[in-house]
Amino acid sequence: VQLQASGGGLAQAGGSLRLSCAASGRTLSGYIMGWFRQAPGKEREFVAAINRNGARSYYVDSAKGRFTISRDNAKNTVYLQMNSLKPEDTAVYYCVADEYGSYFNLKPRDYDYWGQGTLVTVSS
């Protein structure tokens, strides 16, 4: 499956952005989907994940209450709605897919497919 992330850009602190991840090649319904991010000089960090039918999701503590992951399997697309953005949210955000997992994995090595990343910059 090929993943194409979009929606990044510049936002002010307190603002919102919505990231999208469009898949091609295979239907997304067979994958646990997620988002990671990597800030300059830091390791990649798990942000959120959603199960195959969209009924359950999981977030890193820093994203809880501010970010919402969702999916539309009919459109083969996953979303990350980011509200109340903070400067520390500045990073390249990656859409990921886990083909074989049965629970939410938090490590990059557990995800089978990665999109190219979209840059989110939050100014103070």
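Roughly speaking, what is the stretch gain from residue 103 to residue 74, that is 0.36 nm per residue apart minus the C-alpha to C-alpha distance, in nm to one decimal?
That pair, residue 103 and residue 74, stretches by 8.2 nm at full extension.
What is the sum of charges around residue 9, taking Lys and Arg as +1, Asp and Glu as -1, for the other residues whose C-beta is under 15 Å from the C-beta of residue 9?
Combined, the nearby Lys, Arg, Asp and Glu give +1.
Hey, got the dipole for the chain? About the Cα centre, +1 on K and R Cβ, -1 on D and E Cβ, debye to the nearest 20?
It comes to approximately 180 debye.
Beyond 19 Å between alpha-carbons counts as too far, so tell me which of 42/107; 75/107; 64/86 fall in that bin.
Table pairs above 19 Å Cα-Cα are 75/107.
Using the alpha-carbon centroid of each, what span in Å lies between segment 38-80 and segment 9-36?
After rounding, the separation between the Cα centres reads 7 Å.
Could you check how much of the accessible area of the chain is carbon and sulfur, as a whole percent, using a 1.4 Å probe?
47 percent
When the chain is fully extended, how far beyond the present Cα-Cα distance does residue 88 get from residue 119, taking 0.36 nm per residue of separation?
So the extension gain works out to 9.9 nm.
Per residue, how large is the accessible surface of segment 3-124? Use a 1.4 angstrom probe and give square angstrom.
Averaged over the residues of segment 3-124, the accessible area is 50 Å².
Starting from the Kirkwood Rh over alpha-carbon pairs, what translational D in µm² s⁻¹ does the chain have by Stokes-Einstein at 37 °C and 0.692 mPa s?
232 µm²/s
The values are calculated or read from the model by the stated rules, or taken from the named source; none is laboratory data. All figures in this text were calculated on a predicted structure; none of them were measured in a lab. No Cβ is skipped: glycine too gets one built from the backbone with ideal geometry, and neighbour counts run over all protein chains shown. To get the accessible areas, we keep the full protein, side chains included, count just its heavy atoms, and leave off ligands, DNA and RNA. Shrake-Rupley method; radii C 1.70, N 1.55, O 1.52, S 1.80 Å.
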